[in-house]
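The values are calculated or read from the model by the stated rules, or taken from the named source; none is laboratory data. As the structure is a computational prediction, the values presented were derived from the model and not from experiment. With ideal geometry, Cβ positions are generated from the backbone for all residues, glycine too; neighbour counts draw on all protein chains shown. The protein model used for the area step is the full one, side chains on, heavy atoms only, and it has no ligands, DNA or RNA in it. Shrake-Rupley method; radii C 1.70, N 1.55, O 1.52, S 1.80 Å.
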Amino acid sequence: MQNKKNIACTALLACSSVLAMSAAQAGEGLQHVTAKTTATYAKTKYPIVFTHGMFGFTRIGFDSFGMDYFYQILPDLARNGANTFAAQVSPLESTEVRGEQLLAQVEDVLALTGQAKVNLIGHSHGGPTTRYIAAVKPQYVASITGVAGTFRGSLVADKIQANKGLNTVFGVLGDKLLAPIITWAEGNSNLPNSIDASLTSISEKGSAVFNAKFPTAALASDCNKSGAKIDKGIYYYSWTGTAQTTNVLDVLDTVISQLGPLAYGNKDNDGLVGRCSAHLGQVIRDDYNHNHLDEVNMVFGLRSLFSPDPVALYRQHANRLKLQGL
(Lines give C-alpha, C1' and ligand atoms only; values in the text may rest on other atoms or scores of the structure.)
Protein backbone atom coordinates (compact mmCIF):
# COMPACT_ATOMS: atom_id res chain seq x y z
CA MET A 1 0.00 0.00 0.00
CA GLN A 2 2.81 2.39 0.93
CA ASN A 3 4.60 1.69 -2.41
CA LYS A 4 1.43 2.55 -4.27
CA LYS A 5 1.12 5.81 -2.35
CA ASN A 6 4.75 6.69 -3.05
CA ILE A 7 4.22 6.03 -6.75
CA ALA A 8 1.12 8.25 -6.66
CA CYS A 9 3.00 11.03 -4.92
CA THR A 10 5.81 10.81 -7.47
CA ALA A 11 3.28 11.10 -10.28
CA LEU A 12 1.71 14.15 -8.65
CA LEU A 13 5.12 15.79 -8.33
CA ALA A 14 5.91 15.16 -11.98
CA CYS A 15 2.68 16.73 -13.20
CA SER A 16 2.39 19.57 -10.70
CA SER A 17 3.67 22.20 -13.15
CA VAL A 18 1.06 21.12 -15.68
CA LEU A 19 -1.86 21.05 -13.26
CA ALA A 20 -0.70 24.13 -11.33
CA MET A 21 -1.28 22.37 -8.02
CA SER A 22 0.71 21.22 -5.02
CA ALA A 23 0.47 18.36 -2.53
CA ALA A 24 2.28 17.44 0.65
CA GLN A 25 4.03 14.32 1.89
CA ALA A 26 1.82 11.88 3.74
CA GLY A 27 1.77 12.74 7.39
CA GLU A 28 -0.67 14.68 9.51
CA GLY A 29 -0.24 18.12 11.00
CA LEU A 30 2.84 20.00 11.98
CA GLN A 31 6.20 19.37 10.31
CA HIS A 32 9.31 19.88 12.44
CA VAL A 33 12.29 20.48 10.16
CA THR A 34 15.66 19.56 11.64
CA ALA A 35 19.22 19.45 10.35
CA LYS A 36 22.73 19.16 11.71
CA THR A 37 23.52 22.56 13.21
CA THR A 38 26.69 24.12 11.85
CA ALA A 39 26.20 27.75 12.98
CA THR A 40 24.12 29.94 15.29
CA TYR A 41 23.50 32.84 12.88
CA ALA A 42 19.74 32.11 12.74
CA LYS A 43 19.33 30.88 16.32
CA THR A 44 16.32 32.88 17.48
CA LYS A 45 15.08 32.82 21.05
CA TYR A 46 11.67 31.56 19.99
CA PRO A 47 10.84 28.85 17.43
CA ILE A 48 9.83 29.90 13.93
CA VAL A 49 6.55 28.62 12.48
CA PHE A 50 5.94 28.96 8.72
CA THR A 51 2.46 29.13 7.19
CA HIS A 52 1.76 28.53 3.51
CA GLY A 53 -0.65 30.35 1.24
CA MET A 54 -3.55 29.37 -1.01
CA PHE A 55 -3.16 25.93 -2.61
CA GLY A 56 -0.22 25.49 -0.23
CA PHE A 57 1.29 22.46 1.47
CA THR A 58 4.08 21.37 3.75
CA ARG A 59 5.84 18.93 1.42
CA ILE A 60 5.14 17.35 -1.95
CA GLY A 61 6.64 13.91 -2.53
CA PHE A 62 8.70 12.20 0.15
CA ASP A 63 12.15 12.37 1.78
CA SER A 64 14.13 10.86 -1.09
CA PHE A 65 12.37 12.89 -3.79
CA GLY A 66 10.27 15.84 -2.76
CA MET A 67 9.83 19.58 -2.53
CA ASP A 68 8.90 21.77 0.41
CA TYR A 69 6.59 24.74 -0.07
CA PHE A 70 9.30 26.92 1.50
CA TYR A 71 11.88 25.19 -0.68
CA GLN A 72 15.24 24.65 1.07
CA ILE A 73 14.46 27.47 3.50
CA LEU A 74 13.64 25.62 6.72
CA PRO A 75 16.57 23.16 6.49
CA ASP A 76 18.94 26.09 5.91
CA LEU A 77 17.59 27.87 8.98
CA ALA A 78 17.90 24.67 11.01
CA ARG A 79 21.55 24.29 9.97
CA ASN A 80 22.08 27.85 11.18
CA GLY A 81 20.59 27.16 14.59
CA ALA A 82 16.88 27.96 14.21
CA ASN A 83 14.11 25.72 15.55
CA THR A 84 11.77 25.56 12.57
CA PHE A 85 8.28 24.22 11.95
CA ALA A 86 5.96 24.19 8.92
CA ALA A 87 2.23 24.32 9.69
CA GLN A 88 -0.35 22.32 7.76
CA VAL A 89 -3.57 24.26 7.23
CA SER A 90 -6.37 23.98 4.68
CA PRO A 91 -5.16 24.80 1.15
CA LEU A 92 -8.48 26.59 0.57
CA GLU A 93 -10.43 28.12 3.42
CA SER A 94 -11.28 31.37 5.14
CA THR A 95 -8.63 33.20 7.14
CA GLU A 96 -10.49 32.45 10.37
CA VAL A 97 -10.73 28.70 9.70
CA ARG A 98 -7.08 28.50 8.69
CA GLY A 99 -6.23 30.66 11.70
CA GLU A 100 -7.89 28.24 14.11
CA GLN A 101 -6.00 25.36 12.51
CA LEU A 102 -2.75 27.28 12.87
CA LEU A 103 -3.56 28.16 16.48
CA ALA A 104 -3.76 24.47 17.42
CA GLN A 105 -0.35 23.86 15.85
CA VAL A 106 1.18 26.90 17.53
CA GLU A 107 0.04 25.46 20.83
CA ASP A 108 1.69 22.17 19.85
CA VAL A 109 4.95 24.01 19.15
CA LEU A 110 4.80 25.76 22.51
CA ALA A 111 4.25 22.42 24.24
CA LEU A 112 7.03 20.70 22.30
CA THR A 113 9.62 23.43 22.81
CA GLY A 114 8.66 24.69 26.25
CA GLN A 115 8.77 28.24 24.93
CA ALA A 116 6.18 30.89 25.70
CA LYS A 117 6.02 32.42 22.21
CA VAL A 118 6.69 31.78 18.53
CA ASN A 119 7.86 33.81 15.55
CA LEU A 120 5.29 33.44 12.76
CA ILE A 121 6.13 33.78 9.07
CA GLY A 122 3.34 33.63 6.49
CA HIS A 123 3.46 33.74 2.71
CA SER A 124 0.51 35.08 0.71
CA HIS A 125 -2.71 34.02 2.49
CA GLY A 126 -0.42 32.73 5.22
CA GLY A 127 0.15 36.37 6.17
CA PRO A 128 -3.39 37.16 7.33
CA THR A 129 -3.59 33.64 8.78
CA THR A 130 -0.72 34.46 11.14
CA ARG A 131 -2.36 37.81 11.92
CA TYR A 132 -5.34 35.90 13.24
CA ILE A 133 -3.13 34.36 15.96
CA ALA A 134 -1.86 37.80 16.95
CA ALA A 135 -5.48 38.96 17.25
CA VAL A 136 -6.90 36.10 19.32
CA LYS A 137 -3.81 34.90 21.25
CA PRO A 138 -1.30 37.76 21.25
CA GLN A 139 0.49 36.24 24.24
CA TYR A 140 1.67 33.42 21.97
CA VAL A 141 3.33 35.70 19.41
CA ALA A 142 6.78 37.29 19.48
CA SER A 143 6.71 38.46 15.86
CA ILE A 144 4.71 38.33 12.64
CA THR A 145 6.44 38.43 9.26
CA GLY A 146 4.48 38.65 6.04
CA VAL A 147 6.05 37.67 2.74
CA ALA A 148 3.81 38.96 -0.06
CA GLY A 149 0.99 38.76 2.46
CA THR A 150 -2.52 39.49 1.24
CA PHE A 151 -3.04 41.92 4.10
CA ARG A 152 -5.16 44.27 2.00
CA GLY A 153 -6.21 41.53 -0.37
CA SER A 154 -5.38 40.49 -3.91
CA LEU A 155 -7.29 42.21 -6.69
CA VAL A 156 -6.89 38.94 -8.63
CA ALA A 157 -9.41 37.31 -6.26
CA ASP A 158 -11.90 40.15 -6.74
CA LYS A 159 -11.59 39.82 -10.53
CA ILE A 160 -12.12 36.06 -10.40
CA GLN A 161 -15.21 36.36 -8.22
CA ALA A 162 -16.64 39.08 -10.45
CA ASN A 163 -16.27 36.89 -13.55
CA LYS A 164 -18.91 34.16 -13.53
CA GLY A 165 -16.98 31.91 -15.93
CA LEU A 166 -13.65 32.21 -14.11
CA ASN A 167 -15.34 31.76 -10.76
CA THR A 168 -16.96 28.53 -11.95
CA VAL A 169 -13.69 27.18 -13.34
CA PHE A 170 -11.78 27.98 -10.15
CA GLY A 171 -14.59 26.44 -8.11
CA VAL A 172 -14.39 23.14 -9.96
CA LEU A 173 -10.58 23.03 -10.02
CA GLY A 174 -10.28 24.06 -6.39
CA ASP A 175 -13.07 22.26 -4.55
CA LYS A 176 -13.44 19.18 -6.74
CA LEU A 177 -9.89 18.47 -7.90
CA LEU A 178 -6.85 20.21 -6.48
CA ALA A 179 -7.73 20.72 -2.82
CA PRO A 180 -8.92 17.11 -2.30
CA ILE A 181 -5.74 15.80 -3.94
CA ILE A 182 -3.58 18.01 -1.75
CA THR A 183 -5.27 17.03 1.50
CA TRP A 184 -5.27 13.33 0.54
CA ALA A 185 -1.58 13.41 -0.28
CA GLU A 186 -0.89 15.21 3.01
CA GLY A 187 -2.57 12.33 4.79
CA ASN A 188 -5.17 14.68 6.24
CA SER A 189 -8.28 14.35 4.10
CA ASN A 190 -10.45 15.70 6.90
CA LEU A 191 -9.14 19.22 6.37
CA PRO A 192 -12.06 21.35 5.12
CA ASN A 193 -11.69 23.25 1.87
CA SER A 194 -13.71 25.99 0.22
CA ILE A 195 -12.50 27.93 -2.81
CA ASP A 196 -15.26 30.51 -2.30
CA ALA A 197 -14.23 31.14 1.32
CA SER A 198 -10.60 31.33 0.26
CA LEU A 199 -11.17 33.81 -2.56
CA THR A 200 -13.44 35.92 -0.37
CA SER A 201 -10.81 36.08 2.38
CA ILE A 202 -7.98 37.14 0.07
CA SER A 203 -10.08 39.57 -1.96
CA GLU A 204 -9.70 43.27 -1.29
CA LYS A 205 -13.30 43.44 -0.09
CA GLY A 206 -12.95 40.44 2.22
CA SER A 207 -9.60 41.64 3.56
CA ALA A 208 -11.14 45.00 4.48
CA VAL A 209 -13.78 43.17 6.54
CA PHE A 210 -11.11 41.07 8.29
CA ASN A 211 -8.96 44.11 9.05
CA ALA A 212 -11.92 45.97 10.51
CA LYS A 213 -12.72 42.99 12.72
CA PHE A 214 -9.09 42.48 13.77
CA PRO A 215 -7.40 45.91 13.58
CA THR A 216 -3.69 46.46 14.18
CA ALA A 217 -1.48 49.53 14.16
CA ALA A 218 0.97 47.51 12.06
CA LEU A 219 -1.29 48.10 9.05
CA ALA A 220 -0.90 51.69 7.89
CA SER A 221 -3.94 53.59 6.71
CA ASP A 222 -2.52 53.79 3.20
CA CYS A 223 0.50 52.69 1.17
CA ASN A 224 2.36 55.98 1.60
CA LYS A 225 2.53 55.62 5.37
CA SER A 226 4.37 53.17 7.62
CA GLY A 227 2.61 50.82 9.98
CA ALA A 228 3.79 50.38 13.56
CA LYS A 229 6.79 48.08 13.95
CA ILE A 230 5.54 47.03 17.39
CA ASP A 231 1.89 46.70 18.34
CA LYS A 232 0.81 45.31 21.72
CA GLY A 233 4.27 43.84 22.24
CA ILE A 234 4.36 42.00 18.89
CA TYR A 235 6.99 42.90 16.28
CA TYR A 236 5.78 43.15 12.67
CA TYR A 237 7.84 42.82 9.47
CA SER A 238 7.14 42.34 5.77
CA TRP A 239 8.70 42.13 2.33
CA THR A 240 7.55 41.35 -1.21
CA GLY A 241 8.58 41.31 -4.86
CA THR A 242 7.33 43.19 -7.91
CA ALA A 243 8.31 40.86 -10.75
CA GLN A 244 6.08 38.61 -12.83
CA THR A 245 7.87 36.18 -15.16
CA THR A 246 11.46 35.72 -13.97
CA ASN A 247 12.52 32.40 -15.52
CA VAL A 248 10.86 30.94 -18.61
CA LEU A 249 11.93 27.43 -17.54
CA ASP A 250 9.70 27.70 -14.50
CA VAL A 251 6.41 26.73 -16.17
CA LEU A 252 4.17 26.75 -13.10
CA ASP A 253 5.54 30.07 -11.90
CA THR A 254 5.12 31.61 -15.34
CA VAL A 255 1.48 30.50 -15.61
CA ILE A 256 0.55 31.81 -12.15
CA SER A 257 2.38 35.09 -12.65
CA GLN A 258 0.16 36.00 -15.59
CA LEU A 259 -2.81 36.53 -13.28
CA GLY A 260 -1.39 39.64 -11.62
CA PRO A 261 -0.94 41.72 -14.77
CA LEU A 262 -4.57 41.04 -15.69
CA ALA A 263 -5.63 42.73 -12.47
CA TYR A 264 -2.83 45.21 -11.77
CA GLY A 265 -1.01 45.70 -15.04
CA ASN A 266 2.70 45.06 -15.36
CA LYS A 267 3.81 46.98 -12.28
CA ASP A 268 3.68 47.00 -8.49
CA ASN A 269 2.73 43.35 -8.11
CA ASP A 270 4.45 39.97 -7.86
CA GLY A 271 2.07 38.22 -10.23
CA LEU A 272 -0.64 37.75 -7.63
CA VAL A 273 -0.32 40.33 -4.85
CA GLY A 274 0.02 44.10 -5.13
CA ARG A 275 3.02 45.79 -3.50
CA CYS A 276 0.90 47.92 -1.21
CA SER A 277 -1.17 44.98 0.01
CA ALA A 278 1.98 43.30 1.34
CA HIS A 279 2.98 46.18 3.63
CA LEU A 280 2.90 45.32 7.33
CA GLY A 281 4.89 46.85 10.17
CA GLN A 282 8.53 47.42 9.23
CA VAL A 283 8.75 46.99 5.46
CA ILE A 284 12.17 45.48 4.84
CA ARG A 285 11.82 45.90 1.09
CA ASP A 286 8.90 45.92 -1.35
CA ASP A 287 10.53 45.66 -4.76
CA TYR A 288 12.60 42.49 -4.86
CA ASN A 289 13.09 40.98 -8.31
CA HIS A 290 10.88 38.06 -7.27
CA ASN A 291 7.46 36.91 -8.31
CA HIS A 292 4.97 35.20 -6.03
CA LEU A 293 6.62 31.78 -6.00
CA ASP A 294 10.20 33.07 -6.12
CA GLU A 295 9.48 34.52 -2.68
CA VAL A 296 9.39 30.99 -1.25
CA ASN A 297 12.12 29.70 -3.62
CA MET A 298 9.77 27.73 -5.85
CA VAL A 299 9.75 25.91 -8.11
CA PHE A 300 13.02 24.12 -7.25
CA GLY A 301 14.74 27.48 -6.83
CA LEU A 302 14.26 28.61 -10.44
CA ARG A 303 14.32 32.41 -10.65
CA SER A 304 16.11 35.29 -12.36
CA LEU A 305 19.90 35.08 -12.38
CA PHE A 306 19.93 38.67 -11.13
CA SER A 307 17.58 38.24 -8.19
CA PRO A 308 18.62 37.78 -4.55
CA ASP A 309 18.66 34.28 -3.08
CA PRO A 310 15.35 33.78 -1.19
CA VAL A 311 17.00 31.29 1.16
CA ALA A 312 19.53 33.93 2.18
CA LEU A 313 16.74 36.48 2.78
CA TYR A 314 15.05 34.21 5.30
CA ARG A 315 18.39 33.45 6.97
CA GLN A 316 19.10 37.16 7.27
CA HIS A 317 15.64 37.75 8.68
CA ALA A 318 16.09 35.05 11.31
CA ASN A 319 19.29 36.84 12.33
CA ARG A 320 17.29 40.09 12.47
CA LEU A 321 14.85 38.43 14.86
CA LYS A 322 17.72 37.01 16.88
CA LEU A 323 19.36 40.42 17.28
CA GLN A 324 16.01 41.84 18.36
CA GLY A 325 15.88 39.23 21.14
CA LEU A 326 13.08 37.34 19.48
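Over all directions, how big on average is the projection of the convex hull of the alpha-carbon atoms in the chain, in square nanometres?
15.2 nm²
Quick check: from the Cα gyration tensor, does region 177-268 come out rounded (a/c under 1.5), prolate or oblate?
Judged from the Cα gyration tensor, region 177-268 comes out oblate (a/c at least 1.5, b/c at or above a/b).
If you place +1 on the Cβ of every Lys and Arg and -1 on the Cβ of every Asp and Glu, how big does the dipole about the Cα centre of region 237-292 come out, in debye to the nearest 20?
100 debye
Leaving ligands, DNA and RNA out of it, report the carbon-plus-sulfur percent of the accessible area of region 182-306 at a 1.4 Å probe.
56 percent
Each label point is 7 Å from the Cα along the Cα-to-Cβ direction; what then is the distance between the points at Ser189 and Val251, in nm?
So the label points at Ser189 and Val251 sit 2.8 nm apart.
When only the heavy atoms of the protein chains count and the probe is 1.4 Å, how do Asp253, Asp286 rank by accessible area, highest first?
The residues order as Asp286, Asp253, largest area first.
Taking R0 as 25 Å, what's the FRET efficiency between Asn289 and Ala35 from their Cβ-Cβ distance, rounded to 0.05?
Once the sixth-power term is evaluated, E becomes 0.35.
Using the heavy atoms of the protein chains and a 1.4 angstrom probe, tell me the accessible area per residue for the chain in square angstrom.
Dividing the accessible area of the chain by its residue count gives 41 Å².
What pairs in Lys164/Lys213; Lys205/Lys229; Lys159/Lys205; Lys159/Lys267 have C-alpha atoms more than 20 Å from each other?
Lys164/Lys213; Lys205/Lys229
Of Leu120, Leu219, which has the most accessible area and how do the rest follow, probe 1.4 Å?
Leu219, Leu120
As a test of reading the structure, rank Ser226, Ser238 by solvent-accessible area (1.4 Å probe, protein chains only), most first.
Ser226, Ser238
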